[in-house]
Amino acid sequence: MSTKFKVELSNVDVEVTKESINVKGKEGQVSLPLVHPFLKIERKDNTLFIEADKDNKFQKAIAGTLAAQIKNTIKGVNDLYTAELELVYMHFPASLKLTGNKIIIENFVGERKPREISILEGVKAEIKGNKIFLSGVDKYKVGQLAGTIESKIQVKNKDRRVFKDGVFITKKP
């Protein structure tokens with residue numbers, strides 16, 4: 001007897017096909033790919049049941065992960081995921097700019113060439129002073145962009161105890 005995972009569907013339209021699960025809400029739409037053929041997805045009223053063929057650790061883990069992803073997607077399409085980052089500088093006054101679909105950091109640690117990070121599709125970026133605000137319906141994309149910004153804007157080849165400059169995540173999605 002295998003384990004069933006239950007996901008409540010509130011204020012969303014869900015379409016289950018062979019290849020994906022499409023979740024549509026008031027903020028937008030997200031599509032989750034279905035890559036494991038051993039999963040059975042069944043919809044009854046406002047509940048989605050996810051079940052694996054066998055009752056082994058691996059298949060239960062995959063079914064539970066998909067259930068968690070669907071719950072995150074439902075939350076994202078109803079209320080946007082947001083992340084907040086802050087630019088910190090000690091020696092050289094750095095500045096943030098938003099140009100098209102790129103975030104540009106100028107004069108970071110006195111560098112002449114500005115650092116650029118492309119904004120992922122489906123994520124909205126906003127800059128207010130030294131803060132970057134990211135929002136979107138897909139938790140993975142918002143978190144991925146926040147992590148990319150934090151890792152690309154850090155001091156390299158200098159003593160981290162002296163140069164504490166960088167962009168740091170202050171609120172995770």
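Bear in mind that the values in this text are calculations on the coordinates, not laboratory data. Quick caveat: nothing in here was measured; it's all calculated off a predicted structure. No Cβ is skipped: glycine too gets one built from the backbone with ideal geometry, and neighbour counts run over all protein chains shown.
Points to keep in mind about this one:
- Ordering of 37-43, 129-135 by burial proxy (mean other Cβ atoms within 10 Å per residue, highest first): 129-135, 37-43
- Computed per residue of the chain from DSSP H runs no shorter than four, each worth -39500 (n - 2.57), the mean residue ellipticity at 222 nm is -7000 deg cm²/dmol.
- For N56 and V155, a Förster radius of 35 Å and the Cβ-Cβ distance give a FRET efficiency of 0.15, rounded to the nearest 0.05.
- Each residue of region 102-119 is assigned a 3J(HN,Hα), and the resulting list reads 10, 9, 10, 10, 9, 6, 6, 6, x, 5, 6, 8, x, 8, 10, 10, 6, 7 Hz, derived from the Karplus form 6.51 cos²θ - 1.76 cosθ + 1.60 (θ = phi - 60°), x at Gly and Pro.
- Descending principal axes extents, region 4-78, alpha-carbon based, whole Å: 37, 21, 18
- In order through region 44-54: 3J(HN,Hα) via Karplus (6.51 cos²θ - 1.76 cosθ + 1.60), integer Hz, x for Gly, Pro: 10, 6, 9, 9, 10, 10, 10, 9, 9, 4, 10
- Distance between region 140-173 and region 14-70 - C-alpha centres, whole angstrom: 33
- A crude spin-label estimate for the pair E111 and K18, with each label 7 Å from Cα along the Cβ direction, gives 4.8 nm.
- Of the residues I41, F163, I74, the one whose Cα sits farthest towards the positive end of the charge dipole of the chain is F163 (charges of +1 on Lys and Arg Cβ, -1 on Asp and Glu Cβ, taken about the Cα centre).
- To the nearest ten degrees, helix 139-152 and the longest principal axis of the Cα atoms of the chain are 30 degrees apart.
- Ordered by the number of other Cβ atoms lying within 10 Å of each residue's own Cβ, fewest first, I21, I62 fall into the sequence I62, I21.
- Globularity index of the chain, i.e. its alpha-carbon radius of gyration over 2.2 N^0.38 Å: 1.31
- Share of pairwise Cα-Cα distances greater than 16 Å in region 81-171 is 50 percent (whole percent).
- Dipole magnitude of region 32-86 about its Cα centre (Cβ charges: Lys, Arg +1; Asp, Glu -1), debye to nearest 20: 300
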